[in-house]
1. Could you tell me whether Thr110 is β-branched (Val, Ile, Thr), open to solvent by less than 30 Å² (accessible area, probe 1.4 Å) and in a helix (DSSP H, G or I)?
2. Mind checking which residues of segment 55-81 are outside any helix (DSSP H, G or I) and either of a type in the set (A, V, I, L, M) or within 23 Å of the chain's Cα centre (by Cα) (or both)?
3. Taking Gly52 as the residue in question, decide whether it is in contact with a helix residue (DSSP H, G or I) (Cβ under 8 Å, 6 or more places away or on another chain), under 30 Å from Asn134 (Cα atoms) and crowded, with 16+ Cβ neighbours inside 10 Å.
4. Against the definition (over 14 Å from Phe143 (Cβ atoms) and free of Cβ contacts under 8 Å to residues at least 24 places away in the same chain), how does Pro83 come out, yes or no?
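The values are calculated or read from the model by the stated rules, or taken from the named source; none is laboratory data. Note that the coordinates shown come from a computational prediction; the quantities given were computed from them, not determined experimentally. Neighbour counts run over all protein chains shown; Cβ positions are idealised from the backbone, glycine included. What goes into the accessible areas is simple: the full protein's heavy atoms, side chains included, and nothing from ligands, DNA or RNA. Shrake-Rupley method; radii C 1.70, N 1.55, O 1.52, S 1.80 Å.
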Amino acid sequence: MFDGVRIKRRLSEMTQAWFWEDMFDAVCDYMRSRSVWVGVGNAATFFSALAGLTYYWSRPFSFAGYAVVQLACLACQAVALIPVVWPGGAATNRDAGDFSDLHQSLTVATVCGSWVFGAYPGAALLVFFDVDVNSPPWAAVFFSATALTIACVASLVTATAVSGKVNKHHGEASGLPSVSDRVDDGDSSVADTGGFDSD
């Protein structure tokens, strides 16, 4: 009963002009934010690997072609790294951390999802239909998934190496203490309190 009321209320809200205005404003805010580059970069990485898979599905594999697919995936992951490496001059330490967390989540989801829902089922179908392991489809599946994985792993390693320095820089720029500073302050306050109690 209550679910029906909620659904009717939701449908009535969708007929109001303010609902679509708020939706449009939210989409515009997201498109203007740096977070969109993380999603665009990871989506482009997936489609680059998919394009390589499609192209070499019925063609002989070549290392030059694999290099092109690999470079395309790396370039797309470089786009996804933009908010992590350069969160913007007005970004706070928290903003830089949010960009880093978003990049890690989407990149891991891209590589894991590609293998779980793409490479493994594709290989299983090839085995089921008894496709020759030396045929182009096997090479296309393996090397496309490999190119995507290498690009995503390289992006995650780079983000891990860079995010700490970027977070520290923006923490100093915003005048906020870092985590280690806050821990040190807490330890010193506890020590001082203990000293007063002993006196």
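1. yes
2. If the condition is that a residue be outside any helix (DSSP H, G or I) and either of a type in the set (A, V, I, L, M) or within 23 Å of the chain's Cα centre (by Cα) (or both), then Leu81 is the only one that fits.
3. Judged against the criteria, Gly52 is a match.
4. Judged against the criteria, Pro83 is not a match.
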